[in-house]
Amino acid sequence: MSGQRRQTMADLESAYEGLERLDSFPGADALAAHRAALLERNAHQADFLVALLGDAPRVLEIGCGNGRLLIDLARRGRLATGLGVDLARSRIAFAADWAQAEGVEGVTFAAADALTMDIEPGAWDAVLCITSAFAYFEPIAPGTAARLAARMREALAPGGLLCLELYPHPEYRPLLAATGGHARIWHELPEADPWRFYLSDLRLDGDTLTHAKTFIHRHDGRVDTGRREQIELYTEPALRALLEAAGFTDVRCFAGWTDAPYDGGELLVATARAT
Ligand SMILES: C[S@@+](CC[C@H](N)C(=O)[O-])C[C@H]1O[C@@H](n2cnc3c(N)ncnc32)[C@H](O)[C@@H]1O
């Protein structure tokens, strides 16, 4: 990768640290509204997984963020055990507090690096990595995504399910080609989010997208800047090859959280089975 500095683990640690700190919510109502909005907005992900998971699966989620997916599955009574891991301690604290408030059993959250944490081989029926978290690894150093894929495969019991959600951002390729490789885009976040505006500063270098973010707080106007991340923009053939090389079979690529085959759009959901 030329031009941009490579992503380091320190970049990844700071990219999400401090987000969803419990004291950033003005009160219990705002926190409850945020949790409810997370579950409502993302119910389709749990719907899709429920159809694929067995009766009482043991589920490991890598890069679980605020824990919403495992909490949703547990609320539906669909987990035997769940472990969510994330680098960001503030998000793990949010997830653990939420799980306790829900009274869901068997779900735990841990602050850890997915590349180095201990994983018991064959201990999980499903490994999930959504919201493009898998795409963060390759920009650290070539071969890092393959290392993570191999760890995920080892973590799974034979026949276990891998599910990845990726954002290939097909719209950024022509945009960044037209702007010489650099663009800035403002977004407005949903009303229940404590942060209201979000600026994306984007640079594309080969298949690696560098994304610097600025957030503006909804309630106190605070500006949060300096978060930077790099993600790999996967094509379907590249992802398939990577997973097969890591020992997965039956790789299927869907157009988002649907049963339609992937069509080159903005959301790629891949499932695969551990051999
Ligand atoms: C885009 S967020 C997705 C969060 C969550 N999956 C969701 O849907 O809300 C990516 C997450 O991956 C986490 N992450 C990045 N690198 C990681 C690593 N090496 N180990 C564990 N988590 C990591 C980040 O801290 C961040 O919370």
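Only the coordinates and a few stated rules stand behind these numbers; no lab work does. Just so it is clear, the model here is predicted, and its values are computed rather than measured. Neighbour counts are summed over all protein chains in view; Cβ atoms, including those assigned to glycine, are modelled from backbone coordinates with ideal geometry.
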(Q) Can you report the number of residues in the stretch 257-271 which are assigned to a loop (DSSP other than H, G, I, E, B), among the small types (Gly, Ala, Ser), in contact with a strand residue (DSSP E or B) (Cβ under 7 Å, 6 or more places away or on another chain) and touching a residue at least 40 places away in the same chain (Cβ under 8 Å)? (A) 1
Q. Of all residues in the stretch 1-41, which are farther than 27 Å from residue 204 by Cβ and without any contact (Cβ under 8 Å) to a residue 40 or more places away in the chain?
A. 23, 27, 28, 29, 31, 32, 38, 39, 40
**Q.** Selection from the stretch 141-172 of residues that are surrounded by fewer than 24 Cβ atoms within 10 Å (Cβ to Cβ) and closer than 15 Å to residue 206 by Cβ
**A.** 141, 142, 145, 169, 172
**Q.** Residue list for the stretch 49-80, filter: over 20 Å from residue 156 (Cα atoms), of a type in the set (Lys, Arg) and more than 13 Å from the ligand (Cβ to nearest atom)
**A.** 75, 76
(Q) Looking only at residues that are in contact with a Leu (Cβ under 7 Å, 6 or more places away or on another chain) and part of a loop (DSSP other than H, G, I, E, B) in the stretch 77-121, which one is surrounded by the fewest Cβ atoms within 10 Å (Cβ to Cβ)? (A) 113
Q. Residue check, residue 108 against (1) of a type in the set (S, T, N, Q); (2) in contact with a strand residue (DSSP E or B) (Cβ under 9 Å, 6 or more places away or on another chain); (3) within 11 Å of the ligand (Cβ to nearest atom), all met but one. Which one?
A. (3)
Q.
Here is a list: 198, 234, 172. Which entry is under 21 Å from the mean Cα position of the chain (by Cα) and either on the phi > 0 side of the Ramachandran plot or free of Cβ contacts under 8 Å to residues at least 60 places away in the same chain (or both)?
A. 198
Q: Tell me which residues, restricted to the stretch 151-169, are within 14 Å of the ligand (Cβ to nearest atom) and on the phi > 0 side of the Ramachandran plot.
A: 169
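Just checking, which of 92, 130 is within 19 Å of the chain's Cα centre (by Cα) and near the ligand (Cβ under 8 Å from one of its atoms)?
130
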Q | Scope the stretch 193-249; condition farther than 17 Å from residue 12 by Cβ, aliphatic (A, V, I, L, M), out of contact with any helix residue (DSSP H, G or I) (no Cβ under 8 Å at 6 or more places or on another chain) and part of a strand (DSSP E or B); matching residues | A | 199, 216, 223
Q) Here are some residues: 33, 37, 28. Which one is more than 12 Å from the ligand (Cβ to nearest atom), among the aliphatic types (A, V, I, L, M) and loosely packed, with under 14 Cβ neighbours inside 10 Å? A) 28
